[in-house]
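Engineer: Following this message is one structure expressed as structure tokens.
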Amino acid sequence: MSKKIKAGIVFGTRPEAIKMAPVVLEFQKREEIEPIVIVTAQHRQMLDSVLNLFNITPDFDLNLMRENQNLWELTSNIILSTKKVFEEIKPDVVLVHGDTTTSSASALSAFYGKIPIGHVEAGLRTFNKDYPFPEEINRVIVDSVCDFHFCPTKGSIENLKKSGINPKYEFFETGNTVIDALFHTIQNDKNEYDFNLDKNLRTILLTSHRRENFGEPLENICKAALKIIEDNSDVQIIYPVHPNPNVKNTVEKYLSSNERIKLVPPLDYAPFCSLMKQAEIILTDSGGIQEEAPSLGVPTIVLRDETERPEALLSGGVKLAGCDISKITSIVNTLLGDKNEYEKMSKAVNPYGDGLASKRIADIIIEKLG
Ligand code: UD1
Ligand code: UDP
């Protein structure tokens, strides 16, 4: 057999790890590819929990997370540290995921080293540089320097065309690897999880962590949660709180003393999938959860004014509420009270893939670089 394709796979945060784990597992199965896992550890505990679940041992762990880190230092540390690793391993291709600082800084670093780059989850756009911040510009940076765009949907391919990316840097519709991760986890994990919730109450799952929501918008999300509890005596809210101090401090200040609101630390991915399934409604500003929830049939209210994931809005599983207290509470109260509305949302089709995205990515890498 000819020489194996050396594929450096770089990720650093929880969502990238969840969405890149199926790619790593698929590459490990292919004799044509030698996967080399490089983690920046932009996240530490939340990254390690995903690595454990998928049984992935990084070949390089850059260990870069700092308490309440800033974008300048993190970006420059990632560029300098990945440069050293790329120089040592000389990969044939580097794969990055999505829109974090890890994605944009490691893609730039590979670009400076003239290494071919593949972008997993390419082509998402709001076309608004401040929403989400800084992710929209991270996506633009990665899509501008990469050679292979692995797009989750037809819409993401259209976005690349609109962005003026030269199609000689190829666009492939693969589906989103988050569906691979979700199906893999649900099929392999048979544990029952007990979150100490009251069995007589209806459960709403809440998560929030976006930078553009820090301050007043996040305070409004908390006030909306309190209002939902006040309006509905049969409802409880569970909130796995993101460890970013800008989130944790606000959420604890507003929500820690209500007996029907349960704040818990970030959950490992397998129990979190179980909790999503148990929830009647999800409120979130997360990207990944917007993609997973329609596969689980759980109506999801997105706590943002715009989304780069319009597919689930169109298919009906997701609604946008922004961070407006009355808009959030009114949508939630309607869903809690109106069975037809609820069923319409919960029966919507998942537009993000069939669980085979990683296989398609591996096939393309072998076809193009083998
Ligand atoms: C990052 C990404 C965001 C992604 C989110 C997913 C950037 C700029 N932001 O935001 O796109 O949606 O991850 O969660 O890339 N922390 C811990 N332990 C952890 C993880 C984080 O303590 O395991 C704390 C640390 O104090 C850290 C802070 O959270 O400094 C912020 O982490 P950072 O990755 O910079 O930003 P996120 O808000 O997590
Ligand atoms: N998630 C998790 N535990 C939690 C909250 C979320 O495993 O306590 C998972 C979730 O299922 C999804 C991913 O983390 O796959 C989303 O991460 P996050 O919301 O932090 O980032 P985003 O997707 O917004 O970039």
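The values are calculated or read from the model by the stated rules, or taken from the named source; none is laboratory data. Quick caveat, the model's predicted, so the values are computed rather than measured. Cβ: placed from backbone, ideal geometry, glycine included. Neighbour counts: every protein chain shown. To get the accessible areas, we keep the full protein, side chains included, count just its heavy atoms, and leave off ligands, DNA and RNA. Shrake-Rupley method; radii C 1.70, N 1.55, O 1.52, S 1.80 Å.
Engineer: So which trypsin sites (Lys or Arg not before Pro) in the range 278-370 pass both tests, a DSSP loop state and at most 14 other Cβ atoms within 10 Å of the Cβ?
Structural biologist: Working: sites: Arg304, Lys319, Lys327, Lys339, Lys344, Lys347, Lys359, Arg360, Lys368; in loops: Arg304, Lys347.
Passing both the DSSP loop test and the Cβ count: Lys347.
Engineer: Calculate the dipole size of the chain relative to its Cα centre from +1 charges on Lys and Arg beta carbons and -1 charges on Asp and Glu beta carbons; express the result in debye to the nearest 20.
Structural biologist: I would put it at about 380 debye.
Engineer: In whole Å, what are the Cα extents of the range 97-240 along the three principal axes, biggest one first?
Structural biologist: Each principal axis gives a Cα extent; for the range 97-240 these are 57, 40, 27 Å.
Engineer: Translational diffusion coefficient, Stokes-Einstein: compute it for the chain using the Kirkwood radius over C-alpha pairs as Rh, at 10 °C and 1.306 mPa s, and state it as an integer in µm² s⁻¹. Mind showing how you got there, number by number?
Structural biologist: Numbers: Rh = 21.0 Å.
In µm²/s, the coefficient is 76.
Engineer: More than 28 Å apart: what percent of Cα pairs in the range 2-144 qualify?
Structural biologist: Result for the distance tail: 11 percent.
Engineer: Placing +1 on the Cβ of each Lys and Arg and -1 on the Cβ of each Asp and Glu in the range 136-182, which of Val178, Asn138, Asn166 has its Cα farthest towards the positive end of the resulting dipole?
Structural biologist: Checked the options; the winner is Asn166.
Engineer: Which of the GluC sites (Glu not before Pro) found in the range 192-246 are in a DSSP loop and have at most 14 neighbouring Cβ atoms, other than their own, within 10 Å?
Structural biologist: Glu192
Engineer: Tabulate in residue order the Karplus-calculated ³J(HN,Hα) for the range 223-231, using 6.51 cos²θ - 1.76 cosθ + 1.60 with θ = phi - 60°, rounded to whole Hz; enter x for Gly and Pro.
Structural biologist: With the stated coefficients, the range 223-231 comes to 5, 5, 4, 5, 5, 4, 5, 5, 6 Hz.
Engineer: Any chance you could look up the accessible area of Arg66 with a 1.4 Å probe, heavy atoms only, rounded to 10 Å²?
Structural biologist: Rounded to the nearest 10, that gives 130 Å².
Engineer: Hey, another quick one. Given the options Glu87, Glu291, Glu306, which has the most mean-square fluctuation in a GNM of the chain, springs set between C-alpha atoms less than 10 angstrom apart?
Structural biologist: Ranking Glu87, Glu291, Glu306 by mean-square fluctuation puts Glu87 first.
Engineer: Show me the ranking of peptides 10-16, 125-131, 152-158, 232-238 by mean Cβ neighbours inside 10 Å, starting with the highest.
Structural biologist: 10-16, 152-158, 232-238, 125-131
Engineer: Dipole magnitude of the range 82-224 about its Cα centre, charges +1 at Lys/Arg Cβ and -1 at Asp/Glu Cβ only, in debye to the nearest 20?
Structural biologist: Computed charge dipole of the range 82-224: roughly 300 debye.
Engineer: Right, something else. Residue by residue through the range 107-117, which ³J(HN,Hα) values in whole Hz follow from phi under the Karplus form 6.51 cos²θ - 1.76 cosθ + 1.60 (θ = phi - 60°), with glycine and proline marked x?
Structural biologist: The phi angles translate into 5, 4, 4, 5, 4, 4, x, 6, 9, x, 10 Hz.
Engineer: Next question. Note down, for the range 190-322, the three equivalent ellipsoid semi-axes (square root of 5 times each alpha carbon gyration tensor eigenvalue), biggest first, whole angstrom.
Structural biologist: Rounded to whole Å, the semi-axes are 20, 19, 15.
Engineer: Also, quick follow-up: Only loop residues by DSSP count here, and only those with at most 10 other Cβ atoms within 10 Å; note down the GluC sites (Glu not before Pro) in the range 20-80 that meet that.
Structural biologist: Passing both the DSSP loop test and the Cβ count: Glu31, Glu67.
Engineer: Per residue and in Å³, how big is the convex hull formed by the alpha-carbon atoms of the range 109-183?
Structural biologist: Output value, Cα hull per residue: 101 Å³.
Engineer: May I pose another question? Restricting attention to the alpha-carbon atoms of the range 22-102, what are Rg (one decimal) and Dmax (integer), both in Å?
Structural biologist: Rg and Dmax of the range 22-102, Cα atoms, are 13.3, 41 Å.
Engineer: Could you state the number of Å between the C-alpha centres of the range 299-325 and the range 112-141?
Structural biologist: 21 Å
Engineer: In a Gaussian network model over the chain where Cα atoms closer than 10 Å are linked, find which of Phe111, Phe54, Phe214 has the largest mean-square fluctuation.
Structural biologist: Of Phe111, Phe54, Phe214, the most mobile in the Gaussian network model is Phe214.
Engineer: Using a 1.4 Å probe on the protein heavy atoms only, what accessible surface does Asp268 show? Give it in Å² to the nearest 10.
Structural biologist: 80 Å²
Engineer: Shifting gears a bit: For n ≥ 4 DSSP H runs only, could you compute -39500 (n - 2.57) per run for the chain, divide by its residues and tell me the 222 nm figure to the nearest 500?
Structural biologist: Values: 15 runs with 175 residues, N = 370.
Rounded to the nearest 500, it is -14500 deg cm²/dmol.
Engineer: Using a 1.4 Å probe and counting only protein heavy atoms, arrange Tyr254, Tyr269 so the residue with the most accessible area comes first.
Structural biologist: Final ranking, largest accessible area leading: Tyr254, Tyr269.
Engineer: For the range 267-317, I need the span (max minus min coordinate) of the C-alpha atoms along each principal axis, in Å, sorted largest to smallest.
Structural biologist: Here the spans come out as 28, 17, 14 Å, largest first.
Engineer: Treating each Cα of the range 294-352 as an identical point scatterer and ignoring solvent, apply the Debye formula and state log10 I(q)/I(0) at q = 0.22 Å⁻¹.
Structural biologist: Log10 I(q)/I(0), no solvent term: -0.84.
Engineer: I've got another one for you. Could you work out the relative contact order of the chain, using alpha carbon pairs under 8 angstrom and six or more residues apart, expressed as a whole percent?
Structural biologist: Result for the chain is 16 percent.
Engineer: Report the charge-dipole magnitude of the range 212-370 in Debye, nearest 20, computed about the Cα centre from +1 at each Lys and Arg Cβ and -1 at each Asp and Glu Cβ. Please report the intermediate quantities before stating the final value.
Structural biologist: Details: 17 positive and 24 negative charges, 45 e Å.
That gives a dipole near 220 debye.
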